[in-house]
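Trainee: Submitted below is the structure of interest, expressed as structure tokens.
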Amino acid sequence: MDAEKGRVDIVVYENSERAVGNAELHRFNRLCEILETQEIFIKRYSFTKDKEQCRKNKDLWRCEC
């Protein structure tokens, strides 16, 4: 991932099928918005919706989550 100078990109892989409370999801969405104001950008991938992207990341397959 190419990043501009001063810009930080973070990739998050999330399990969208896991039951997450609405308040928890709202807090995470708000955190992402706040970070973007600081030039920290979050790219979110879902294990179910973005299967191909998850397959490409071989580090995920070594992770015991």
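Trainee: Along the charge dipole of segment 8-57, which of Ile40, Leu25, Asn15 sits closest to the positive end, that is, farthest toward it, with unit charges on the beta carbon of Lys, Arg, Asp and Glu (+1, +1, -1, -1)?
Mentor: Projecting each Cα onto the dipole axis, the largest value belongs to Asn15.
Trainee: Next question. What residues qualify as long-range amide H neighbours of Glu14, i.e. H under 5 Å apart, gap of 5 or more or another chain, H built at 1.01 Å from N?
Mentor: For Glu14, whose amide H was placed from the backbone, the distant partners under 5 Å are Tyr45, Ser46, Phe47.
Trainee: Could you sort Leu25, Leu60 by accessible area so the largest value comes first, with the probe set to 1.4 Å? Kindly include the intermediate steps, with their values, before the conclusion.
Mentor: Working: Leu25 75, Leu60 40 Å².
So the residues, ranked largest to smallest area, are Leu25, Leu60.
Trainee: In addition: For Asp9, list long-range residues whose amide hydrogen, built 1.01 Å from N in the peptide plane, is under 5 Å from its own amide hydrogen.
Mentor: Phe41
Trainee: For segment 8-57, divide the Cα radius of gyration by the Kirkwood radius and give the resulting Rg/Rh value with two decimals.
Mentor: On the way: Rg = 11.9 Å, Rh = 11.8 Å.
Expressed as Rg/Rh, it is 1.01.
The values are calculated or read from the model by the stated rules, or taken from the named source; none is laboratory data. Because the structure is predicted, anything quoted here is derived from the model rather than measured. Neighbour counts run over all protein chains shown; Cβ positions are idealised from the backbone, glycine included. Surface accessibility is based on the protein's heavy atoms, side chains included, excluding ligands, DNA and RNA. Shrake-Rupley method; radii C 1.70, N 1.55, O 1.52, S 1.80 Å.
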